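Okay, so here's the structure we're looking at.
The values are calculated or read from the model by the stated rules, or taken from the named source; none is laboratory data. Since this is a predicted model, take the numbers as computed values, not measurements. A quick note on method: Cβ atoms are made from the backbone with ideal geometry, for glycine too, and the neighbour counts reach across all protein chains shown.
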């Protein structure tokens with residue numbers, strides 16, 4: 001089983017996680033920029049973070065044969081902080097980088113006017129830079145937030161097939177399917193979506209435009225739940241080809257729209273450097 005996790009926050013994970021993921025067949029990941037838990041106090045914090053997403057983290061992943069790409073954005077939660085809003089002016093610099101395959105995570109947390117503005121401006125950047133968009137739906141009042149999300153996406157002029165609306169559930173999947181956007185599902189140990197629930201959604205709605213991710217971060221999460229979803233699909237009667245489509249070919253299809261997805265080296269780890277697991281740079 002080959003797996004592409006289209007939404008996972010590896011900055012929050014250890015090298016042990018990379019080793020486990022590689023052994024489980026996870027060959028490629030996309031890491032969206034997101035809220036780190038601790039409030040950031042200015043654009044400089046984001047500059048360092050974005051630099052790590054396109055520099056350090058791909059290097060760290062490559063040691064385990066995992067190909068790493070990123071999406072870049074001002075996340076919805078921090079869009080409400082006036083100290084962070086200047087980050088919107090920094091984004092064009094990063095959206096031109098070769099390992100950036102979408103604008104994201106964008107969308108809603110509390111559905112404030114500030115989030116409206118940041119969402120609309122970043123969708124416009126996706127159109128301007130010819131990139132797909134990865135959209136976060138709010139964890140509270142999800143149905144209303146998803147409806148509002150789809151209204152803003154439709155008004156932006158971006159093609160729906162270039163948008164993934166993520167963190168969906170049984171209540172919201174139907175409206176996103178009808179919109180023509182891609183449907184993203186985060187599989188968690190205790191919240192959001194579970195492998196058995198995901199199997200039932202796939203039975204009802206089919207495999208087209210379906211993306212399954214672990215969204216693993218600093219909270220209670222598991223970077224191997226994509227694998228567990230694949231196993232649950234097989235146990236429920238889906239074929240090996242069905243699993244490959246959902247866990248590999250679908251995310252490849254979505255992110256290939258960026259023109260930047262490069263899976264060269266997937267599964268082939270890099271050697272250590274002079275007896276150390278990382279290069280230390282010059283003296």
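Brief remarks follow.
- Just one of the listed residues (69, 7) is under 24 Å from residue 222 (Cβ atoms), modelled with pLDDT of 95 or more and part of a loop (DSSP other than H, G, I, E, B), and it is 7.
- Looking only at the stretch 160-210, residues that are touching a residue at least 40 places away in the same chain (Cβ under 8 Å), within 19 Å of residue 236 (Cα to Cα) and outside any loop (DSSP other than H, G, I, E, B) come to 3 in all.
Matching residues to (1) more than 30 Å from residue 248 (Cα to Cα); (2) crowded, with 24+ Cβ neighbours inside 10 Å; (3) in contact (Cβ under 8 Å) with a residue 12 or more places away in the chain:
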position: 93; (1), (2), (3): no, no, no
position: 102; (1), (2), (3): no, yes, yes
position: 106; (1), (2), (3): no, yes, yes
position: 112; (1), (2), (3): yes, no, yes
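- Test for residue 123: is it more than 25 Å from residue 202 (Cα to Cα), in contact with a helix residue (DSSP H, G or I) (Cβ under 7 Å, 6 or more places away or on another chain), part of a loop (DSSP other than H, G, I, E, B) and at pLDDT 95 or above: no
- Residue in the stretch 149-159 that is at pLDDT below 95 and either surrounded by fewer than 16 Cβ atoms within 10 Å (Cβ to Cβ) or more than 25 Å from residue 89 (Cβ to Cβ) (or both) present: no
- Residues that are surrounded by fewer than 18 Cβ atoms within 10 Å (Cβ to Cβ), closer than 22 Å to residue 142 by Cβ and touching a residue at least 24 places away in the same chain (Cβ under 8 Å) within the stretch 211-237 comprise 218, 220, 222, listed in sequence order.
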